[in-house]
Amino acid sequence: MNDSIKKLILNIPSHTEVRTQTITTRRVGVLGGKLINNISARSSGAGARVYKNGVWGFSSIGNTDEDSVREILRSAEENASLLDSRKPKNKGALINAGATEFSEKRKFQNTDQKQLIDFARAIDSYIEKKYPSLVSRSVGITANCIEKELITSEGTFSYQLFPRVYIIVSMSDEAKDGENIELFDILGGGEGYFTDYYSDPSALYPDIDKLYTELQAKKEGIFPDAGEKLCIIDSAISGMVAHEAVGHTVEADLVLSGSVAAVSLGKQVASPLVNITDFAFEAFGKKAPLPVYVDDEGTLCRDAVIIKDGILTGYMNNLESALHFGVQPCGNARAYAFSDEPLIRMRNTAIHPGKDKLEDMIASVDNGYYLTKTQNGQADMTGEFMFGITMGYEIKNGKLGRALRDTTISGVAFNMLKTVDMLSDNVTWDFAGYCGKKQPMPVGMGGPALRCRVNIGGR
C-alpha cells in the first residue's frame, strides 16, 4: 500500500483496517499411478473494515490498486454509518491495541509445479514396486502460501507470509474378512516452502515402510471392547482435544453464545497436571508450527493461556470481546481470504508436556489401549467430542498387543481432562490441519501423550 493510502487511513478517527492479500495454492495428487490433481491457483484482493459505536462496516474487492483500496475504504465507512443509524449499539471506542510494525524478512518463494508432480510420482513408484499387492495407494502434495499486508488507523503496519507444505500418503489393503483397511500419514513438511523440507524422495522411504507395516498390523487387528477404558492417547489426538474440544469453547464469541466455558472461568476443569496455551509464534523454546506475529486487527500477538494447572484462566479474544471482558487481546483475530472479516481463531493450540516417558506410561496400564492416529473429530459448545481413531493397539499387562481396527472415542473434554494422571515429556505438532469455523484457517495443534479415561467404541 502506497504512502497516500497509509496517510488516508491514519486520518480516520475510528478503528479502521485495510488488508491486501494473496493466496497461492499448489496441489498435486497421484492415485494408483495416475495424476488426478494438478492445481495451481492464485487469488488476491483487498478488504477494508471500519468500526463505529459497536458495529462494523466491511467491503472487499478483487484488486489491490490505489483506486480500488480507496473505493472499499469509502464503502466500509458508509456501511458502518448505515448500520449505526439503523441499529445503534452505542458501545463506544474499541481497546486501542497500540501501533506496531512487523515486516517479514524472507521473500515469497514460488514452487515449480513439475517438481511437485515428479516428486509425487517418485513416491508412488516406490510404493508400487515394493508393495504391489495393495488395493490402492495415493500421494498428495500441498504447498500453499498466504501473503498479507495490513495497516490500521492506530498506526500498525505488518507484512507477513504464511507458507506451508506437506505430503500425505494413503494406503489401503484387504483384510481376511474382506473389509477394506485404510491408513494414511503426513510425511514431513511444516511451515515453509517445499525445498525447505524435501529434496530426495528416498528420504521418505523409511516413513512409507513404517506406514505399510502399521497397515498390515491393522489388517490383523481387533475391535476394542466398548466402554470407558484407561487409555493412552498419543499427541495427534491430544492436540485435537486441545483444539476441537477445549479451544473452541474458549473463543470469546462462542463464550458469549453460551459455551460451557462461560460458566467455568476460574474453575478447576482439568487435572492439575494439565496446562493448555494458544501460542502465537514460539512454543516450548522453538518456533511455533504456524507463527502469527500480528493479527488481522493489528494486535501484536502474544500467547493466550487457556488452562493453568487445571484451572480455566482465560478466553481467546478480538478487540471487541476484549473490551467486553475488560482484558487485553492476545491477537486471535484472523481472516482467511481478503473477502473474509477477521474472526476469533486459534493459532497454535497445545497441551503442555509432562515429565513421564511414554514407555513408562504404557508399562503402567494393565488393561487398556494406546491410540495413535486420528482422521477426524468434532465437538460442540458443551465440550462433548467424538474423534475417529484410525490406528491404535491394545495394552495387556503393560505391553503393546494387537493393533486395532477403526473405532471412535468420545466424552466431555473437561471431564476427560480431569482423569489425566500422566503426560509424556515430549510434544508433537500437527501442522497440516484446517479449522472450519465459518471460513477455513490453517492452524497448529499439538501435545504430549496423555494417560486418561475415555469412552471407546467397539465393533
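The values are calculated or read from the model by the stated rules, or taken from the named source; none is laboratory data. Note that the structure is a prediction, hence the values are computed from the model and not measured. FYI the Cβ positions are ideal-geometry reconstructions off the backbone, even for glycines, and counts take in every protein chain you see. Surface areas here come from the heavy atoms of the whole protein model, side chains and all, with no ligands, DNA or RNA. Shrake-Rupley method; radii C 1.70, N 1.55, O 1.52, S 1.80 Å.
Which residue pairs have Cβ atoms closer than 9 Å, lie 6 or more positions apart in sequence or on different chains, and pair a first residue in the stretch 118-140 that is hydroxyl-bearing (S, T, Y) with a second residue that is open to solvent by 10 Å² or more (accessible area, probe 1.4 Å) and in a loop (DSSP other than H, G, I, E, B)? Matching pairs, first to second residue: S125/G33; S136/G32; S138/G32. Residues in the stretch 47-72 that are surrounded by fewer than 20 Cβ atoms within 10 Å (Cβ to Cβ) and part of a helix (DSSP H, G or I): E66, D67, S68, R70, E71. Among the numbered conditions (1) assigned to a loop (DSSP other than H, G, I, E, B); (2) under 21 Å from the mean Cα position of the chain (by Cα); (3) surrounded by fewer than 23 Cβ atoms within 10 Å (Cβ to Cβ), the only one that V327 does not meet is (2).
When the stretch 1-35 is examined, which residues are found to be without any contact (Cβ under 8 Å) to a residue 24 or more places away in the chain and closer than 30 Å to V135 by Cβ? K34, the sole residue that qualifies. Looking across the stretch 98-114 at every residue that is among the small types (G, A, S) and not in a strand (DSSP E or B), the one that is surrounded by the fewest Cβ atoms within 10 Å (Cβ to Cβ) is identified as G98. Meeting the requirement of 3 or more residues that are of a type outside the set (S, T, N, Q) and open to solvent by 50 Å² or more (accessible area, probe 1.4 Å), the helices (runs of 4 or more DSSP H) wholly within the stretch 136-241 are 205-219.
The condition of being over 14 Å from the mean Cα position of the chain (by Cα), open to solvent by 20 Å² or more (accessible area, probe 1.4 Å) and either within 21 Å of F184 (Cα to Cα) or free of Cβ contacts under 8 Å to residues at least 12 places away in the same chain (or both) holds for only one of Y393, Y434, Y369, that being Y393.
Hey, any hits in the stretch 278-288 for a residue that's in contact with an Asp or Glu (Cβ under 9 Å, 6 or more places away or on another chain), exposed (fewer than 15 other Cβ atoms within 10 Å of the Cβ), touching a residue at least 60 places away in the same chain (Cβ under 8 Å) and under 30 Å from E104 (Cβ atoms)? Among the residues of the stretch 278-288, at least one is in contact with an Asp or Glu (Cβ under 9 Å, 6 or more places away or on another chain), exposed (fewer than 15 other Cβ atoms within 10 Å of the Cβ), touching a residue at least 60 places away in the same chain (Cβ under 8 Å) and under 30 Å from E104 (Cβ atoms), which makes the answer yes.
Among the conditions (1) open to solvent by 50 Å² or more (accessible area, probe 1.4 Å); (2) within 17 Å of G32 (Cβ to Cβ); (3) touching a strand residue (DSSP E or B) at 6+ places or on another chain (Cβ under 6 Å); (4) not charged (D, E, K, R), A120 misses just one, which is (1).
In the set (1) of a type in the set (V, I, T); (2) open to solvent by 20 Å² or more (accessible area, probe 1.4 Å); (3) touching a strand residue (DSSP E or B) at 6+ places or on another chain (Cβ under 6 Å), the condition left unmet by T407 is number (2). Kindly establish whether A333 is among the small types (G, A, S), open to solvent by 10 Å² or more (accessible area, probe 1.4 Å) and closer than 22 Å to G433 by Cβ. The answer is no for A333. Considering only the stretch 349-364, I want to know if a residue exists there that is under 15 Å from E244 (Cα atoms) and in a loop (DSSP other than H, G, I, E, B). For the stretch 349-364, residues under 15 Å from E244 (Cα atoms) and in a loop (DSSP other than H, G, I, E, B): absent. Just so you know, in the stretch 123-135 the residues that are assigned to a helix (DSSP H, G or I), touching a strand residue (DSSP E or B) at 6+ places or on another chain (Cβ under 9 Å) and not acidic (D, E) include one that is nearest to P201 (Cα to Cα), and it is I123. For the stretch 341-349, the condition holds for at least one residue, the condition being that it is more than 24 Å from A270 (Cβ to Cβ), touching a residue at least 12 places away in the same chain (Cβ under 8 Å) and touching a Gly at 6+ places or on another chain (Cβ under 8 Å). Among the residues of the stretch 381-390, those that are in a loop (DSSP other than H, G, I, E, B) and crowded, with 16+ Cβ neighbours inside 10 Å comprise M381, G383. Restricted to strands (runs of 3 or more DSSP E) entirely inside the stretch 412-459, those with at least 2 residues that are at pLDDT below 95 and not aliphatic (A, V, I, L, M) are 428-435.
You will find that of S75, S85, the residue that is in a helix (DSSP H, G or I) and open to solvent by less than 50 Å² (accessible area, probe 1.4 Å) is S75 and no other.
Evaluation of I5 against the conditions (1) of a type outside the set (G, A, S); (2) open to solvent by 40 Å² or more (accessible area, probe 1.4 Å); (3) not in a strand (DSSP E or B) shows that the sole unmet condition is (2).
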